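First comes the structure, then the notes that go with it.
The values are calculated or read from the model by the stated rules, or taken from the named source; none is laboratory data. Everything quoted here is computed from the prediction, not taken from an experiment. Here the Cβ is made from the backbone with ideal geometry for all residues, glycine too, and neighbour counts use every protein chain on show. The area values use the complete protein model at the heavy-atom level, side chains included, leaving out ligands, DNA and RNA. Shrake-Rupley method; radii C 1.70, N 1.55, O 1.52, S 1.80 Å.
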Amino acid sequence: MNETHWRVTFEIFRQKTGQPCHFDEYVMDVDPDEYVLDVVERIWAYNDRSLTFRHACHHSTCGACGMRVNSVEKLSCITPIREVARNGGKVRVEPLRNFPVLSDLVVDMGAFYLRLDDAKFSQVASLKDACLPFERKQQVREDGSYERLVDCLECGMCISACPVALTTPEYLGPGVLAAAQHAFHQSRDTSLLDLVDDQDGVWRCHSAYECTAVCPSNVDPGWRIMDLRKNILRHQISKIFSRRGQSR
Amino acid sequence: MKNEPNSTNFLRWFDPRNRKLGTLAFILNRITALGLTLYLFMHLIVLGTLARGPEAYDSFIKLAKTPAILVGETLVIAAGIIHGLNGIRIALNSFGIGTRHQRLIFIGLMVVAAGCIAIFVKSMFFSH
Ligand code: SF4
Ligand code: FES
């Protein structure tokens, strides 16, 4: 085995609906610079056609290939083997946490997508609004005529990494709260603050910031949750003062 | 394996493997909160026994000077300091202050906590 040819054992989580789960092992000859998803695809193509997993773009745009690689949430299409294994070692691949498993590495993200709709998630934003406020803005045009896809890939990895989401199915979760923050930032629609000002909204977060650590796309959900809290407090205080002003 | 969120998963909160510093802060906050709650109940029970008269009071004072209780008291003080200082980080973040530097703030506050705990331990065990 040389530097471009490693032998790595892939332990892949397997579970079909209603059946108990187990891990299947596949010993694979790999190039350390290829990606985890490439090898999972090869396992499907040459070893086991019943293996199911999700992917589409192969270049970190669609967010479909989120999995846990050695227990850490990764976009498998951009995770090189070299980063997660060594020659002769093992790589464990599991589905995202905190979502029901449909089949093997495929989880049901339906509830997450519906919540994103409730949070008025928009897939495009003007260049000015697409990034985080503290980032350097890209080619801003005064008339706001340029738009781009927002950073969030809807991959669900932040929800998988969140320790609070482990125990609370009702928790909206970091990805949804980040979407609400982004929508609020764009529209100043205070109904979004009402949506997230709830024990299962921003106040459920316990500041572990695992969401920010695993997010592959610079959304920084942890920062956005805290920004929502700040805006909720500001909104409540301004409501108190406007009520006082009216009663005079 | 239950992959869905479920309240019975709470033991997995305390698993620090492959987690970042923020989860360590989360775990510390949970453990110290549970410890302080337990202490509160024990404290109330002890106060109840003191009301039984001077003998009960004297025997409690004797017990309170035993090394096991002194170590227990130190743990309570340490839990209070860690929980309180970590709470300051969370409160600041919730007002939008220091969110992007929460790791550094946590490390700084824990250094302060370690200093305070060391001073307390010195005065408790070594200043006679
Ligand atoms: S916030 Fe980041 S981790 Fe969460 S769904 Fe969006 S891209 Fe994925
Ligand atoms: S396959 Fe699209 S992000 Fe990985």
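Values for this structure:
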{"item": "Per residue accessible area of the protein assembly as shown, 1.4 Å probe, in Å²", "result": "53"}
{"item": "Folded to 0 to 90 degrees: helix B:102-125 orientation relative to chain B principal axis, Cα", "result": "10"}
{"item": "Sites A:D24 and B:L36, calculated FRET efficiency, Cβ-Cβ separation with R0 56 Å, nearest 0.05", "result": "0.75"}
{"item": "Over 17 Å [Cα-Cα, segment A:28-102], rounded percent", "result": "43"}
{"item": "Tilt relative to chain B, helix B:54-64 - C-alpha long axis, 0 to 90 degrees, to 10", "result": "50"}
{"item": "Share of alpha-carbon pairs per 10 Å distance bin for segment A:1-70, given as whole %", "result": "17, 48, 30, 4, 0"}
{"item": "Shape of the protein assembly as shown, Cα gyration tensor, a/c cut at 1.5", "result": "oblate"}
{"item": "Relative contact order of chain A, defined on C-alpha pairs under 8 angstrom at six or more residues apart (%)", "result": "16"}
{"item": "Alpha carbon convex hull of segment B:1-91, volume per residue in cubic angstrom", "result": "152"}
{"item": "Lysine pairs in the protein assembly as shown with Cα atoms under 22 Å, if 8 or more residues apart or on separate chains", "result": "11"}
{"item": "Relative contact order of chain B, pairs being alpha-carbon contacts under 8 Å that are 6 or more residues apart, as %", "result": "25"}
{"item": "Computed FRET value (nearest 0.05) for A:Q236 with A:L132, which takes r as the C-beta separation and R₀ as 30 Å", "result": "0.80"}
{"item": "Cα principal axis extents for segment B:56-103, largest first, Å", "result": "51, 18, 6"}
{"item": "Within segment A:88-135, chymotrypsin sites (Phe, Trp or Tyr not before Pro) in DSSP loop having at most 14 other beta-carbon neighbours inside 10 Å", "result": "A:F134"}
{"item": "Exposure ranking of A:F184, A:F53 by accessible area [1.4 Å probe, largest first]", "result": "A:F53, A:F184"}
{"item": "Angle between chain B longest axis and helix B:21-50 axis [Cα atoms, degrees, rounded to 10]", "result": "20"}
{"item": "Coil-residue GluC sites (Glu not before Pro) of segment A:135-217, DSSP, other Cβ within 10 Å capped at 12", "result": "A:E135, A:E142, A:E170"}
{"item": "Segment A:8-68-segment B:39-114 distance, computed between alpha-carbon centres (Å)", "result": "48"}
{"item": "Averaged over B:84-95, number of beta-carbon atoms from partner chains that fall within 10 Å", "result": "3"}
{"item": "Cα-derived Rg to Rh of segment A:186-234, Kirkwood definition", "result": "0.99"}
{"item": "Loop trypsin sites (Lys or Arg not before Pro), segment B:35-116, which have at most 14 other Cβ atoms in a 10 Å radius of their Cβ (DSSP)", "result": "B:R52, B:K65"}
{"item": "Under 5 Å, built H, 5+ apart or other chain: amide partners of A:V91", "result": "A:T9, A:F10, A:E11"}
{"item": "Computed FRET value (nearest 0.05) for A:N87 with A:R244, which takes r as the C-beta separation and R₀ as 56 Å", "result": "0.20"}
{"item": "Shielding by other protein chains, A:159-168, mean Cβ within 10 Å", "result": "5"}
{"item": "Gyration tensor verdict on segment A:1-152 (Cα atoms; rounded if a/c is under 1.5, prolate if a/b is larger than b/c, oblate otherwise)", "result": "oblate"}
{"item": "Protection-proxy order for peptides A:185-198, A:89-102, each taking the mean of Cβ atoms within 10 Å per residue, highest first", "result": "A:89-102, A:185-198"}
{"item": "Solvent-free Debye scattering, log10 I(q)/I(0), computed from the Cα coordinates of segment A:102-248 at q = 0.12, 0.15 Å⁻¹", "result": "-0.53, -0.78"}
